[in-house]
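Read through the structure below, which is laid out as structure tokens, and then see the notes.
Every read-out reported here was derived from the displayed coordinates using simple, explicitly stated rules and does not represent laboratory data. Small disclaimer: the values here were computed from a predicted structure and weren't measured. Here the Cβ positions follow ideal geometry from the backbone for every residue, glycine too, while neighbour counts run over all protein chains shown.
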Amino acid sequence: MRPKVVILGAGFGGLTAARALDSIADVTLVDRHNFQTFLPLLYQVSTAGLAADHVAYPIRGALRKTNVKFRMGSPISVDHKSKSVKLDSSEVLDFDYLIVALGSATNDFGIKGVAEHSLGMKSVGEALNIRSEIMRRFEDLCRFEDDTKFSIAVVGGGPTGVEMAGAIAELKRGPLNSDNAHAAKNMSVYLVEAGPRLLPSLSEKLSARTKKDLEKLGVTVLTQAAVAEVKPRQILFSDGRSIPAEVTIWAAGVKGEPAMKALALPQDGIRIAVDKTLQVSNYPYIFAIGDIAGAKGKDGKYLPMVAPVAMQQARFVAKQIARLLKNEALKDFSYLDKGSMATIGRNKAVVEVKGLRLTGTIAWLAWLWLHLFYLLGGRNKIGTMADWTWNYLTFDRGNRHIMDIS
């Protein structure tokens, strides 16, 4: 008899797990949206490089050639005695195995003013709000003929922050400069990192190259700059310094999705506590994968909250459940790091794979190809290619609309 598996969350991990389990289990996939968001390209929606619908794909479409069932909703409780999960739609789903893949949310680290005065980057709605804020402030600048300034600060020197800061700088240098050169000239872009260098997961050489490339684009890079408070138009640092910031974009970190608290599962810091088998501690019939799982690498540190980790864990858990069905011993999860990359701007990127380091155009093309490969849906791939081609050939970005999402 096929086991019942309920998967909470249809991100990279949840969707991959559903497909992998389809042949051996009756799977129900749950998500609060009816689409999956391709998070690595959200920053391009924020900076008018891509249309919003190019980074979203219908979950039912992704499951069309499977027997996986989909339910739109959020979990509100788990009944361990009856092995069931209740959704906010009042539906109750029975399971033999539960996989928690709820993803992550913006982590403000308890810093004053972050929640109130900064913009996160975890959803299409947030990306559109960032775009609207940037374009609205630009339109405000166009009304002034004096030297009124407008500053955008991106907090966080990881891949997301680097890519966002570079994209904003190129938006300013290209389309906005063509729209109104005086207004564009009065825009400033800051990238703020609390640590000693950008992209700490990469080599120091690539970090230095990234900083140099961003500064060539006009980005002011601040390292060793720990944020103490975010105000409506200013960022204060712990060493007493400050910078103006009419728009603050928070890319400094993420934490396990808060919805996990409703499940009352053991926590390990800001994630769900898991054993090396990816089973939730004290709950052998529940697995956690992706950003929300407190899995650690050989160095004892948490695994990074990135798509490759979630997808590897998803396939691994599918094999774990297959082992359980055969009464075989479970294995410990080991993450295979295939490398890291970040794009800085036009023809500029950095890639590091097992000691191989690439920069410039080759790295940029590798970044484009990999992201296009993992993007769901033929329409989205074609639309993204069309937008990228148009942007590259014309130095323009056609998605400069102000569309607020309330």
Legend entry - Gyration tensor (alpha-carbon) shape descriptor, the stretch 1-50, a/c threshold 1.5: prolate
Inset, instruction - For the stretch 127-157 and the stretch 334-353, compute the distance between their C-alpha centroids and round to whole Å. - result: 29
Legend entry - Within the stretch 309-406: Cβ-based charge dipole about Cα centre, in debye rounded to nearest 20 (Lys, Arg +1; Asp, Glu -1): 260
Inset, instruction - Report the charge-dipole magnitude of the chain in Debye, nearest 20, computed about the Cα centre from +1 at each Lys and Arg Cβ and -1 at each Asp and Glu Cβ. - result: 1120
Inset, instruction - Given the options LEU171, LEU324, LEU98, state which has the largest fluctuation in a GNM of the chain using a 10 Å cut-off (strictly under) for Cα springs. - result: LEU324
Legend entry - Longest exposed-site-free window of the chain, the sites being chymotrypsin sites (Phe, Trp or Tyr not before Pro) in a DSSP loop that have at most 15 other C-beta atoms within 10 Å: 145-394
Legend entry - Whether the stretch 120-273 is rounded, prolate or oblate, judged on the alpha carbon gyration tensor where a/c under 1.5 counts as rounded: prolate
Legend entry - Interchain or long-range residues, amide H under 5 Å from GLY158's placed H: LEU199
Legend entry - Relative contact order (%) - criterion: Cα under 8 Å, at least six apart; region: the stretch 41-198: 23
Inset, instruction - Working from Cα positions, state the angle (0 to 90°, nearest 10) between the long axis of helix 124-142 and the longest principal axis of the chain. - result: 10
Inset, instruction - Evaluate the Debye formula for the stretch 26-102 with equal point scatterers sitting on the alpha carbons, no solvent, and hand back log10 of I(q)/I(0) at q = 0.11, 0.12, 0.14, 0.17 Å⁻¹, in q order, two decimals. - result: -0.38, -0.44, -0.57, -0.75
Inset, instruction - Send over the Kirkwood Rh of the stretch 49-171, from the inverse of the averaged 1/r over different Cα pairs, rounded to one decimal Å. - result: 18.8
Legend entry - Cut-off under 5 Å, modelled amide H: who pairs with ALA349 long-range: ILE344, GLY360, TRP364
Legend entry - J(HN,Hα) series, the stretch 366-374, from Karplus relation 6.51 cos²θ - 1.76 cosθ + 1.60, nearest Hz, glycine and proline x: 5, 4, 4, 4, 5, 5, 5, 4, 8
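Efficiency by 1/(1 + (r/R0)^6): what FRET value for SER89 and ARG136, r their Cβ-Cβ distance, R0 = 30 Å, to the nearest 0.05? Working shown, then result.
Values: r = 36 Å, r/R0 = 1.20.
In this case the efficiency is close to 0.25.
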Inset, instruction - Could you tell me which GluC sites (Glu not before Pro) in the stretch 117-173 are loop residues by DSSP with no more than 15 other beta carbons within 10 angstrom of their beta carbon? - result: GLU145
Inset, instruction - Can you check what the Kirkwood hydrodynamic radius comes to for the stretch 313-389, Cα pairs only, in Å to one decimal? - result: 15.3
Inset, instruction - Tell me the label-point distance for the pair LYS231, LYS298, using the 7 Å Cα-to-Cβ offset, in nm and rounded to one decimal. - result: 4.9
Inset, instruction - Calculate the all-directions average of the projected area of the stretch 274-406's alpha-carbon convex hull, and give it in nm². - result: 12.4
Inset, instruction - Between beta-carbons, use under 15 Å as the cut-off and find the net charge around ASP26, counting Lys and Arg +1, Asp and Glu -1. - result: +3
Legend entry - Estimated distance in nm for a label pair at THR394 and LEU370, the labels positioned 7 Å out from Cα along Cα-to-Cβ: 3.0
Inset, instruction - Please report the Cα spread of the stretch 238-350 along all three principal axes, rounded to whole Å, starting with the longest. - result: 60, 37, 24
Inset, instruction - Evaluate the chain: find the radius of gyration of its Cα atoms, find its Kirkwood radius, and give the ratio Rg to Rh. - result: 0.98
Legend entry - Sequence-distant residues sharing a close amide H with VAL221 (under 5 Å, placed H): LEU191
Legend entry - Net charge contributed by nearby residues that have their C-beta within less than 9 Å of SER151 (K/R +1, D/E -1): +1
Legend entry - Neighbour net charge for LEU93 - beta-carbon separation under 14 angstrom, K R +1, D E -1: -2
Legend entry - ³J(HN,Hα) computed for each position of the stretch 8-20 - Karplus, 6.51 cos²θ - 1.76 cosθ + 1.60, integer Hz, glycine/proline x: 9, x, 10, x, 4, x, x, 5, 5, 5, 4, 5, 5
Inset, instruction - Using θ = phi - 60° and the Karplus relation 6.51 cos²θ - 1.76 cosθ + 1.60, list the HN-Hα couplings for the stretch 99-108 in order, rounded to whole Hz, with x at every Gly or Pro. - result: 10, 9, 9, 6, x, 9, 9, 4, 9, 8
Legend entry - Reachable aspartates and glutamates from LYS296, criterion Cα separation under 19 angstrom, eight or more residues apart if same chain: GLU257, ASP268, ASP275, ASP332, ASP337
Legend entry - Greater than 28 Å apart at Cα, pairs in LYS261/LYS338; LYS81/LYS319; LYS65/LYS261: LYS261/LYS338; LYS65/LYS261
Legend entry - Extension reserve of the THR148-ARG64 stretch, reckoned as 0.36 nm per residue once the Cα distance is removed: 24.9 nm
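Explain nothing, just the number: relative contact order of the stretch 291-406, from Cα pairs under 8 Å at least 6 residues apart, as a whole percent.
Relative contact order of the stretch 291-406: 11 percent.
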Inset, instruction - Could you calculate the contour length gain from MET403 to ALA329, that is, 0.36 nm times the residue separation minus the distance between their Cα atoms, to one decimal place in nm? - result: 21.4 nm
